[in-house]
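Notes to accompany the following structure.
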Amino acid sequence: MSNSSRNPMKDHVAIAGASTTGFVASNLERSQTSLAAEACIDVIRKCGLTAADVDGLCGSWPNAEILQAALGLPEITWSGNPTIPMVDHVATAAAAVHSGLCEVALVYHAAYRSAWNTTSSLKDPFRRIATPGLSDPHPGPESVAAAVGYTAWASRYMYEYGATSEDFGLVAINDRTNAARNPAAAKRDPMTMEDYLASRMIRWPLRLLDMDVPVDGADAFIVTTTERARDLPLPPVLINAAVLGQVAHNEEDQTVSLRHHGQQVVVDTLKRKGDFWIDDVDVYFPYDGFTPITLNWIENAGWCKPGEAGDFLREHWVPEEKRALINGRIPINPHGGSLSEGATQGSGHVREAVHQLQGLAGDRQVPDARTALVTAGGFFFNAQGLTLHTG
């Protein structure tokens, strides 16, 4: 069975704007709703809209009915609650706009330091209450589910390809260097390979600095028709193609191999549905919830062969800048990614792509950026891809 090239939504829907509260790696005295509302209010205003213009809501946390009340949106005709990462939200909202379920969709995501991702929140009774599904702070039977799955597959990657910890470290250092230019990033202090190797081992072979940073903060986007977006104040960013990819046996402990999982589906389908690929990309956003994910995306996207991502980063490393620039010009996660801006579940990757294409990225701005590739999610049930361009 081949993946279809059908893409009737192509370039008919656009992201009109994106906003962020910025992110901190500490527990703020604020709720997820207040963070989401702040980002949403800002993007509505930046796009020259009012609450009455928004007729669609799409986000994971908080629920749409809660946010609608907080924002005072008088009426909506559609809402969605997809699972993370955030390419899912953008794709779902774009489909709703294209189908006519709504015309102006407000897409939002509030990252929050919850009891499942940081000990400081586990000890906070209010955050424990605010963490859905948490009934017992003690772990259950040992398994290869969730985060532990990436430690298992990281060791497999090292075994199959002879990769080293330093290969993972290059991903972390690249993100940290880029984050230094991003005032919204939670972690901006310089990082060396010595710093990376000295960081605490969490579960071999992954260290603390191989894992994304739990943060408080929020991002928000306006998704609407390309026609309407062109009438708004900011340059529209057109959605060329969006894909949510899975294979059978996509559980962490059942995935067949590093060469057969959701990433390959995303790459193959984006190539079929979209109008450009890596030869024409100006800025690249591979997911980095764990450093091995980034290496796999780089390889599967076609920048290099399987097992060669570490050497690829070395080949394109700019020593004086302490980061990688593909072919001397294409940055990788210029905002600092999940490892340094913070664990935004992909909203930061999409937001930075929008800002780069709108020329709003400040000191991080890629000159004349016209195309962006976002490859979000991991190996298992949540691999996602998005191609964006100016228009």
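Bear in mind that the values in this text are calculations on the coordinates, not laboratory data. What you see is a predicted model, and the numbers here were worked out from it, not measured in a lab. Because the Cβ atoms are built from the backbone with ideal geometry, glycine has one as well, and the counts that use them run over all protein chains shown.
Couple of notes before you dig in:
- Going by neighbour counts of Cβ atoms within 10 Å, the residues 256, 247, 354 line up, fewest first, as 256, 247, 354.
- Ordering 193, 86 from the fewest to the most neighbouring beta carbons within 10 Å gives 193, 86.
- Other residues within the sphere of radius under 10 Å centred on the Cβ of residue 389, judged by their own Cβ, net out at -3 (K and R +1, D and E -1).
- Helix-derived mean residue ellipticity, 222 nm - over the chain, DSSP H n ≥ 4, -39500 (n - 2.57), to 500: -9500 deg cm²/dmol
- Anisotropy class of the range 229-288 from Cα gyration tensor, a/c 1.5 cut: prolate
- Here the chain is scanned for GluC sites (Glu not before Pro) in DSSP loops (not H, G, I, E, B) that have at most 10 other Cβ atoms within 10 Å, and the longest stretch holding none of them is 143-319.
- Residue-count net charge about residue 60 - beta-carbon cut-off 13 Å; Lys, Arg +1, Asp, Glu -1: -2
- Those aspartates and glutamates that a straight Cα-Cα span of less than 20 Å connects to residue 10, excepting residues fewer than 8 apart in one chain: 88, 103, 227, 231, 268, 275, 279, 280, 282
- The alpha carbon gyration tensor of the range 343-391 gives principal lengths a ≥ b ≥ c with a/c of 1.5 or higher and a/b greater than b/c, which makes the shape prolate.
- Among 52, 91, 18: highest mean-square fluctuation, GNM of the chain, C-alpha pairs under 10 Å: 52
- In the range 258-324, trypsin sites (Lys or Arg not before Pro) in a DSSP loop with at most 15 other beta-carbon atoms within 10 Å: 259
- Cα centroids of the range 283-338 and the range 61-120: 30 Å apart.
- Its Cα centre serving as origin, the chain has a Cβ charge dipole (Lys and Arg +1, Asp and Glu -1) of approximately 100 debye.
- Low-density loop positions, trypsin sites (Lys or Arg not before Pro), the range 1-43 - DSSP coil, at most 13 other Cβ in 10 Å: 6
- Summed side-chain charge close to residue 176 - residues other than residue 176 whose Cβ falls under 14 Å, Lys, Arg +1, Asp, Glu -1: -2
- Most mobile listed residue (173, 66, 278) in the chain, GNM with C-alpha springs under 10 Å: 66
- Estimated Rh, the range 21-87: Kirkwood, alpha-carbon pairs, angstrom: 12.9 Å
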